[in-house]
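The values are calculated or read from the model by the stated rules, or taken from the named source; none is laboratory data. Note that the structure is predicted; figures quoted are calculated from it, not measured. All Cβ positions, glycine included, derive from the backbone under ideal geometry; neighbour counts span all protein chains shown.
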Amino acid sequence: MATPLPSKIRFAHGKETTMPAAEPDPVPAADDPSGMPVELSPEAHSLYMRILQAGGRLSAPGLLPDLHDGRLVRELQNLGLLVPDVESPGGMIAGDPRQLADSLSSELQTRAVELLARSMTISASLQSLGRAYYSYAGHASGGGAIEYIETGAAINRQLALLLEDCEKEMLTAQPGGGRRAEAIKVAIERDMRFVQRGGTMRTIYQPSARYSAPTVEYVSSVTQEGCQVRTLDEPFTRVIVMDRKVAVIPVSDEDREARAAFIRDEAVISYIVQLFDSMWDRSIPFTGAREIPPQVVSSMRQQIIRMMLQGIGHRTIARRLGLSERTLARHIAEMREEYGVDTLFQLGWKLAQLEAGAGGAGRVLAETDLP
């Protein structure tokens, strides 16, 4: 708490000046979260400099006009830049800003540590309530056993809670090719904890995931712990099913950034699991091996050829197949070599001829022994 402003201050020439009645301290222009002022107004800064130039004491005659502005004096007192003069009762002297900075810095750091510890305690204490909240389907927007959640951050928070509570089985279908290295790192830690709790997991990727080094590393790690991963050469929707109690699917809406449906209806979840099992039966095992099965390469190239014949651009083809443009270029280069052509135009012409003469490029590729 700041020292009360003295009603009288004695000057070096022996005169006294009566200070105006003290008023409530104004709110500082810039405070830290605890309310401690951390900035000086330009007027208070100017007064402090004049105090230093006058010898560091507030009793200098040249400072008399400023003393009638009690706000500036209180501002300097609040920060500790004016302190009582032990040699002159009722007088004030300039404080050392360096000592003040060290003191404030130490206090702010201590409070920051306390706030951080408190935030962690609050998060832990409310976690059980959060789980109960999200397990209750009655509050879902739209009613029933389907809850719609918007924005990526809110969806991820909901998923994190549900995944931590998952105990027995997790089914996931992940279209779109390989996943980012940062996401893979988080997924490995999370899924390993799930497996160590005794859970089982089946995951379906698109074939292009086999060309992603981070995804291959992830698959190799989880399959060694008993998880099963496969790839399916068909379009499918992203889905996550946890303990056959909650299913999560994206909601297509061009007007919204991100939206997902969290489904708890028993009949709907049973139908989703049946669709997943059907896709699982048609998919090819993926153990994280670097070698890509010939049938996967053959099927992918059939799709590349089909889209090229439709006049679709390379960037769009890569996005639809979940490939990088570099991987797509490598496939096209290998096909040029296979068909004995030098340019993309020649490759397109050759493929069109084969399409017309053999009843479809897919049939020609099916009869070709690809590496």
Completion exercise
Exception for GLU291 within (1) over 32 Å from the mean Cα position of the chain (by Cα); (2) in a helix (DSSP H, G or I) falls at (2)
Exercise for the section: Could you tell me whether any residue of the stretch 252-262 is surrounded by 14 or more Cβ atoms within 10 Å (Cβ to Cβ), modelled with pLDDT of 90 or more and touching a helix residue (DSSP H, G or I) at 6+ places or on another chain (Cβ under 6 Å)? Expected result: yes
Problem - Selected residue (criterion: surrounded by the fewest Cβ atoms within 10 Å (Cβ to Cβ)) from residues of the stretch 163-194 that are part of a helix (DSSP H, G or I) and β-branched (Val, Ile, Thr) - result: VAL186
Handout entry: Test result for LEU344, among the aliphatic types (A, V, I, L, M) and under 33 Å from the mean Cα position of the chain (by Cα)
Key = no
Problem - Qualifying residue in the stretch 269-282 (condition: over 34 Å from the mean Cα position of the chain (by Cα) and of a type in the set (S, T, N, Q)) - result: no
Completion exercise
Within the stretch 195-242, of all residues that are outside any helix (DSSP H, G or I) and among the polar types (S, T, N, Q), the one farthest from SER299 (Cα to Cα) is THR200
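Residues checked against (1) without any contact (Cβ under 8 Å) to a residue 24 or more places away in the chain; (2) surrounded by fewer than 16 Cβ atoms within 10 Å (Cβ to Cβ); (3) charged (D, E, K, R):
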position	(1), (2), (3)
THR287	no, yes, no
ARG290	no, yes, yes
PRO293	yes, yes, no
MET308	no, no, no
LEU321	no, no, no
Fill in the blank from the handout: Exception for GLU291 within (1) within 19 Å of MET170 (Cα to Cα); (2) out of contact with any Phe, Trp or Tyr (no Cβ under 8 Å at 6 or more places or on another chain) falls at (1)
Practice task
Considering only the stretch 325-334, state which residues are among the polar types (S, T, N, Q) and exposed (fewer than 15 other Cβ atoms within 10 Å of the Cβ).
Solution key: none
